[in-house]
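The values are calculated or read from the model by the stated rules, or taken from the named source; none is laboratory data. Remember, predicted model here, so these are calculated numbers, not experimental data. Cβ placement follows ideal geometry from the backbone for every residue including glycine, while neighbour counts extend to all protein chains displayed.
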There are 4 protein chains.
Amino acid sequence: MTTNRINTAILGASGYTGAELLRLLARHPNAHVKALTAEKRAGAALGEVFPHLAHLDVPKLVKIGDVDFSGIDVVFCALPHGLTQEVIAGLPTHLKIVDLSADFRLHDVATYAKWYGHEHLAPKLQQEAVYGITELARAAVAKARLVANPGCYPTSAQLPLVPLLEAGLIETGDIIIDAKSGVTGAGREAKEANLYAEVTEGIHAYGVGGHRHAPEIEQGLTIAAGQPIIVNFTAHLMPMSRGILSSIYVKLAKGATADDLRANLSARYAAEPFVHVMPAGQTPATRHVRGSNHCRIAVFPDRVPGRAIVISVIDNLVKGASGQAIQNFNVMTGLPEILALEQEAMFP
Amino acid sequence: MTTNRINTAILGASGYTGAELLRLLARHPNAHVKALTAEKRAGAALGEVFPHLAHLDVPKLVKIGDVDFSGIDVVFCALPHGLTQEVIAGLPTHLKIVDLSADFRLHDVATYAKWYGHEHLAPKLQQEAVYGITELARAAVAKARLVANPGCYPTSAQLPLVPLLEAGLIETGDIIIDAKSGVTGAGREAKEANLYAEVTEGIHAYGVGGHRHAPEIEQGLTIAAGQPIIVNFTAHLMPMSRGILSSIYVKLAKGATADDLRANLSARYAAEPFVHVMPAGQTPATRHVRGSNHCRIAVFPDRVPGRAIVISVIDNLVKGASGQAIQNFNVMTGLPEILALEQEAMFP
Amino acid sequence: MTTNRINTAILGASGYTGAELLRLLARHPNAHVKALTAEKRAGAALGEVFPHLAHLDVPKLVKIGDVDFSGIDVVFCALPHGLTQEVIAGLPTHLKIVDLSADFRLHDVATYAKWYGHEHLAPKLQQEAVYGITELARAAVAKARLVANPGCYPTSAQLPLVPLLEAGLIETGDIIIDAKSGVTGAGREAKEANLYAEVTEGIHAYGVGGHRHAPEIEQGLTIAAGQPIIVNFTAHLMPMSRGILSSIYVKLAKGATADDLRANLSARYAAEPFVHVMPAGQTPATRHVRGSNHCRIAVFPDRVPGRAIVISVIDNLVKGASGQAIQNFNVMTGLPEILALEQEAMFP
Amino acid sequence: MTTNRINTAILGASGYTGAELLRLLARHPNAHVKALTAEKRAGAALGEVFPHLAHLDVPKLVKIGDVDFSGIDVVFCALPHGLTQEVIAGLPTHLKIVDLSADFRLHDVATYAKWYGHEHLAPKLQQEAVYGITELARAAVAKARLVANPGCYPTSAQLPLVPLLEAGLIETGDIIIDAKSGVTGAGREAKEANLYAEVTEGIHAYGVGGHRHAPEIEQGLTIAAGQPIIVNFTAHLMPMSRGILSSIYVKLAKGATADDLRANLSARYAAEPFVHVMPAGQTPATRHVRGSNHCRIAVFPDRVPGRAIVISVIDNLVKGASGQAIQNFNVMTGLPEILALEQEAMFP
């Protein structure tokens, strides 16, 4: 793209990832939001759905069918899974697309069908889509037309694990990922389970042994390791709006130490603006990445000989969703990768 | 100031307002942070005190006595009250200063002594200081060398009340300000009362009938009304990190209606980038200004005839402290007023 | 009632007030829970709806139509308003009833129709019902067949205000009640507005100028004062599951002082097990009544001459709903009033 | 003990475990609180330290040196570790003692010295003390004079793991305990790290690889397994006042299944009033045990072949501290074990 201004549309703008795209894009010097959709809220001004964004100069919410895509360059798609593949299959092909749903993340048709309960409706696009953890797939993202923006949990798990597996520093068996997530990961739909009084001051695990992010993580780790990997991925819901902390328990490859792991990750991410490997002894906290596109990673020796502990934190709505989507957008359009993502974490 | 780059120092950088100044200034195109002080943490890198800012390119924390002020243009002073007046009195006079403490907010020597329990140590500076709610004192701030940055509660109360009193739309008696604040207003000092387990899931009033922000509010309202005003200001501490909501109960001047009040405020603030008067029927929420420099105001008719309800919300750390400090800094240095303050609220 | 065991039914047991009735009744030596209803969850065991109560020895949830009321002595009715009046009108007349809904709280037919948008469907019962703030209506409750259990906000407002108005210590005009409530007051229904991410770390007012608890409060205050009273009642939703704090701003009657108000309330409630008037200078906090049937009240002089500040706190689910319901049940059945209500507040 | 009334003292009554002992003992039919100590708050009434307990009929706080122990039967000791061993060594020997500190939990002198940095000051008492997870040591507790009340984390870990190791159903290597705790586990001392604004809306791990509860857990598991066990114990601090959820990742012994584990635990705890093994597919939540003495345990198959996931929840202040202390007190004094512990969890 050679022009300075890139026209974008956000499909599914009334959810939390939509709000976050808008918050960040409001300070993007090149991206112009030209269309916003929300099927149920079509006709509403953005301020009716998100009062905190009422003063933004953006168009009203409309139905997808009412968008004129001819003037749009790039689409951010933040629709529910399932619906997404139908919608994207029907979009004009001149569009570049960053899809925030789960629909194009799994490349294997059978795996998709098994975990989502139906055949994929756009298998060609499924093959075309580039799985976009930006730091791990930058070159492919740069050439992609359709980027499958990774899930929040998978981003937090793969950023530390992929380099370690590629380097053969950890064993491929018995990888245990104990993840703690904020509530926005569940979206904005009104469900009893996500009411304030059901969430505050407590924690519980969910989807134990059967969370859909497990195969997504395994897909990436399997490629990195060059052999099939099955992981324990256990998700917990806790009282915070934003953030994921993944505590990852791994076996060291023969001769490797926790220091080796840290050194490997430090080298791998030394030049990255958003991934920070912490010095020995420092522990990351989700509140230290809240609102930012940063990922912080720390490595600790385990009391149990031959094991190590890797901890990563991200904001699930930023690096785990809308921030990484914009990062991919920047890469896809040849812009500086950090545009609109320069904000520091908001603490306290 | 004619150069593009302005060198700044932050005195008292290890507290919450210091962190917030750094978060916001990190995206200021002109302000350069050249010195950071923290008496107890002198020698530490910023990342030891605020891990979320570890990657910022700023100098180590030092003691105030070790700062070379000759290369500094503007000082942000975020020190405790009392200490502040001594420190500022000793600073070189070429410095412009935005002071975030309470030390220079009250102009009357006797009032200061009564509420703070001792004579002011720098009465000349007290007279020189400009009280800086930016929207209400822009011209004076532009010419000031020393700006007393207003308190968080007083900002939330005066932004709606000053125009209404100036216009004679409300009576001067029986103004009741019921304010609810987040915990960061109490600073970062370790106190039992501010522990998580003492604050979460509850609310209580404090300083009832004797909060030090009462005389500050009364000073501003008295000037606006042209006659002495005493207010009921009742502060409540509630479980949120950031935010103040002030519910203000007023008597309408004869013939005035709630609609008149809203129309007056709308006109007054129509051109302001940070103060938004909401349409009739919409209610402001603190979460809709969190992290931003915005103030939202709404006016409602009261069931009780002849009365109205005015509600304002701000983020106490931004418009109530560091954001307004930067806004004043921009005005004092002739820069565009919104620099470094363009971020939208972070919701959710 | 002469037997030791009283058989009860809870209609609408799957909501928060239902859960709270069960939590408290589990330790009642005389009350036996013989039937539980929940239309949508009929057939489920209690543990499916409330896992924390899974080990209680209670019957499954059924539909109201499937309850055999012949063996029931007392019904706790925790159904939505509107539906309630239909259901109660159809119950056998041997039953004593404590109704937790709003349906029988307003005695005036026209006031009911105005605030609830339809004619009352059981106007005879509406006249029969006793409005049951236990401490203020004990004798009438003891003889009642149908008790209208007061609303949470009205309980917190009337406990301090009724004695003061009866004693003529405050003026009848310009009573301002600024109330802050936890989220369970809104019930367990899945609504976007009550999602964790929409509530945490923020506060907003709602129903400003038009909350349905206003006429309920005014009804009680009007009786107490012997003349019509209109109040400002402004409700705020804040991030806590349980609790209401009402900050009440009043004008002192001629010659009265804040100390007079405190002395009056102290005397009035001296013998009450659940209402505590705090010594001068102490401030109540909702967390100090959480989970208990206690109400704490404090009185402060106002900076504004001739005014006073009265603050009350309750747990909206206990003294504001299920606890007071049991208190009324105890009075109606001639049992010691504190049975099943002896638990202390849970802090932290 | 043959009398009905047992006189107790609480040493260190101004902390959270002290408050919790008082909350629960207030409803104990036999225990009489005859002395309360708090060195720094000596002379204060309980209501000054804990306003929610102001109406309890208990003595003022005094210094330990001012307690007349001649009329006391049982002491609850809730003092800081280190100090505790000195104090208890100096108490009259007619006293039975439940010690809530860490001082008498580790039986091995060398292990104690290694983890706590100094030689034990009362090694004889260290040998005498009975480690009291009530369900696992009931007979020994019944005969004990000094019970070391277990740590909160160790209780949550050992209740599920001890039976499984005793039965040989899991392997002894690679036991990973990922625990998430509320903030009261850190006590009431004023520390920056536990301020509301430092804790809310976030999570972080702490003491990674070196938490003092690791050797306590290992001691119990080693006895159960009959061979040395080293565990990975990783603690996380999250925004809740009360509660611990331990996600435990284990390897199945050859031939064993997750169902076998659940069946074993179900049988083991079938008659226990406070330990509940959940049916397959149900997940425990900390909010479902909040305020109660219950422990809930669930077992899940792992996606990784040959592994299982065990999850337990407790309230750290009840089953993890003061509740279990009273449970042990009941057993030590021959009273029914559930006295004062009958309260259900408080949800929401």
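For the criterion of being in contact (Cβ under 8 Å) with a residue 60 or more places away in the chain, over 23 Å from B:Ser14 (Cβ atoms), among the polar types (S, T, N, Q) and surrounded by 21 or more Cβ atoms within 10 Å (Cβ to Cβ), B:Ser181 fails. The residues in the range C:137-147 that are assigned to a helix (DSSP H, G or I), in contact (Cβ under 8 Å) with a residue 60 or more places away in the chain and of a type outside the set (Val, Ile, Thr) can be counted, and the count is 2. I'd like to know if the range D:170-191 contains one or more residues that are among the basic types (Lys, Arg), farther than 25 Å from D:Ala298 by Cα and more than 8 Å from every other protein chain (Cβ to nearest Cβ). The answer is no; no qualifying residue exists. Number of residues in the range C:4-29 that are under 22 Å from D:Arg27 (Cα atoms) and touching a helix residue (DSSP H, G or I) at 6+ places or on another chain (Cβ under 9 Å) equals 9. The lone criterion from (1) free of Cβ contacts under 8 Å to residues at least 60 places away in the same chain; (2) surrounded by 19 or more Cβ atoms within 10 Å (Cβ to Cβ) left unmet by A:Leu169 is number (1). In summary, A:Ala54 fulfils each of the numbered conditions (1) away from every other protein chain (no Cβ under 14 Å); (2) farther than 18 Å from A:Thr333 by Cβ; (3) more than 19 Å from the chain's Cα centre (by Cα) with the single exception of condition (1). With the structure loaded, tell me whether C:Ser247 is of a type outside the set (Phe, Trp, Tyr), surrounded by fewer than 23 Cβ atoms within 10 Å (Cβ to Cβ) and either in contact with a strand residue (DSSP E or B) (Cβ under 7 Å, 6 or more places away or on another chain) or within 11 Å of another protein chain (Cβ to nearest Cβ) (or both) or whether it fails that test. Taking the combined requirement at face value, the residue does not satisfy it.
Here A:Glu272 passes the criteria (1) touching a residue at least 12 places away in the same chain (Cβ under 8 Å); (2) assigned to a helix (DSSP H, G or I); (3) within 23 Å of the chain's Cα centre (by Cα) except the one numbered (2). Scan the range D:112-136 for residues that are more than 26 Å from D:Val289 (Cβ to Cβ) and assigned to a loop (DSSP other than H, G, I, E, B) and the total you get is 7.
Just wondering, is there one or more residues in the range D:110-121 that are within 14 Å of chain A (Cβ to nearest Cβ), within 30 Å of A:Gly173 (Cα to Cα) and not charged (D, E, K, R)? There is no residue in the range D:110-121 that is within 14 Å of chain A (Cβ to nearest Cβ), within 30 Å of A:Gly173 (Cα to Cα) and not charged (D, E, K, R). Out of the range C:192-242, which residues are surrounded by fewer than 24 Cβ atoms within 10 Å (Cβ to Cβ), at the interface with another protein chain (Cβ under 7 Å from one of its Cβ atoms) and hydroxyl-bearing (Ser, Thr, Tyr)? C:Tyr206 - this is the single residue of the range C:192-242 that is surrounded by fewer than 24 Cβ atoms within 10 Å (Cβ to Cβ), at the interface with another protein chain (Cβ under 7 Å from one of its Cβ atoms) and hydroxyl-bearing (Ser, Thr, Tyr). Can you confirm whether D:Glu218 is more than 22 Å from A:Thr283 (Cα to Cα) and among the acidic types (Asp, Glu)? Yes: the conditions hold for D:Glu218. Somewhere in the range B:257-269, is a residue modelled with pLDDT of 95 or more, surrounded by 23 or more Cβ atoms within 10 Å (Cβ to Cβ), within 10 Å of chain C (Cβ to nearest Cβ) and within 22 Å of the chain's Cα centre (by Cα)? Scanning the range B:257-269 turns up no residue that is modelled with pLDDT of 95 or more, surrounded by 23 or more Cβ atoms within 10 Å (Cβ to Cβ), within 10 Å of chain C (Cβ to nearest Cβ) and within 22 Å of the chain's Cα centre (by Cα).
Kindly check whether there is at least one residue in the range B:59-73 that is under 14 Å from B:Ala9 (Cα atoms) and of a type in the set (S, T, N, Q). Yes. Being more than 16 Å from A:Ser312 (Cα to Cα) and at pLDDT 95 or above holds for only one residue in A:Ala157, A:Ala179, A:Ala224, and it is A:Ala224. Of the residues in the range C:314-322, at least one is more than 14 Å from chain B (Cβ to nearest Cβ), β-branched (Val, Ile, Thr) and outside any loop (DSSP other than H, G, I, E, B).
Across the range B:275-311, the qualifying residues are those that are assigned to a loop (DSSP other than H, G, I, E, B) and within 8 Å of chain C (Cβ to nearest Cβ), and the one among them that is farthest from B:Gly182 (Cα to Cα) is B:Pro305. Would you check if A:Leu22 is without any contact (Cβ under 8 Å) to a residue 40 or more places away in the chain, under 27 Å from A:Arg242 (Cβ atoms) and under 20 Å from the mean Cα position of the chain (by Cα)? Spelling it out, A:Leu22 is indeed without any contact (Cβ under 8 Å) to a residue 40 or more places away in the chain, under 27 Å from A:Arg242 (Cβ atoms) and under 20 Å from the mean Cα position of the chain (by Cα). For A:Ala253, the requirement of being aliphatic (A, V, I, L, M) and either within 12 Å of chain D (Cβ to nearest Cβ) or more than 20 Å from D:Val304 (Cα to Cα) (or both) is not met. Report yes if B:Ala148 is crowded, with 23+ Cβ neighbours inside 10 Å and in contact with a Phe, Trp or Tyr (Cβ under 6 Å, 6 or more places away or on another chain), otherwise no. The answer is yes for B:Ala148.
Among all residues of the range C:151-162, there is at least one that is within 13 Å of chain B (Cβ to nearest Cβ) and either among the small types (Gly, Ala, Ser) or under 26 Å from B:Phe233 (Cβ atoms) (or both). Figure legend. Inter-residue proximity from the range C:329-348: first residues within 14 Å of chain B (Cβ to nearest Cβ) and buried (at least 23 other Cβ atoms within 10 Å of the Cβ), second residues in a helix (DSSP H, G or I) and among the hydroxyl-bearing types (Ser, Thr, Tyr), beta-carbon distance below 8 Å, spacing 6+ or different chains. Indicated pairs: C:Pro348/D:Tyr16; C:Pro348/D:Thr184.
Just one residue in the set D:Val75, D:Val49, D:Val62, D:Val33 is within 25 Å of D:Ala142 (Cβ to Cβ), of a type in the set (A, V, I, L, M, F, W, C) and without any contact (Cβ under 8 Å) to a residue 40 or more places away in the chain; that residue is D:Val33.
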